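No lab work stands behind these numbers, since they all come straight from the coordinates. Computed from a predicted model, the values in this text were never measured in an experiment.
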Amino acid sequence: MKSAFGLAGWLAASLAAGFIGSRYMPGAWYEALVKPAWTPPGWVFAPVWTVLYVLMGVAAWLVWSRVRFKGARVALSLFIVQLALNALWSYVFFGAHRIDLAFFEILVLWGVILIVTGLFRREVSAAGLLMLPYVFWVGFAAYLNFALCKGCSHMMSSMLPKRPMAWHERYPASYLVANPPPVVVCLSLTRYCL
């Protein structure tokens, strides 16, 4: 019974990362990007990611059921970290539209996934094998992210200022009055509280 609850917990954690990431959908912005011909069609992503999240959850459960959290603290902690990085990538790429930063973030994610896969394999070989489709898919996603960076470099360079902006140009007085930085708000409040 405890093992079934454990499986449900690890599956829930994995699927929760997918749910959080799915809050940031591709939309018209993504459709307008210059994509390589080998980009998978949009309908492929949801079923592939669902299967990957289930495989990840089962892999984590196999390790947890064998040695519990105490016996694989590093592996399972890094597993949770990679889930957070996985959800963060969706925000950076689809939410913030920062293809460039998303590329660097996915490289970190992929590195953590490789470490987790090796640590899982050391504990339970089947768990390491269950992580391999995820390793390959995120590697492919990183390559696609890179291709999108390369294909959209003209867009990203046009978003950069032609010359460095002075502080007062970036934040004119009218903007600062309407949107005071948090530190100004805190100092103002402390003045009235003292």
The value for the stretch 2-159 (convex hull of the alpha-carbon atoms, volume per residue, Å³) is 98 Å³
Subtracting the Cα-Cα distance of Tyr30 and Arg98 from 0.36 nm times their residue separation yields 23.4 nm
Once Val44 and Leu129 are pulled to full extension, the length gained, defined as 0.36 nm per residue separation minus their Cα-Cα distance, is 28.4 nm
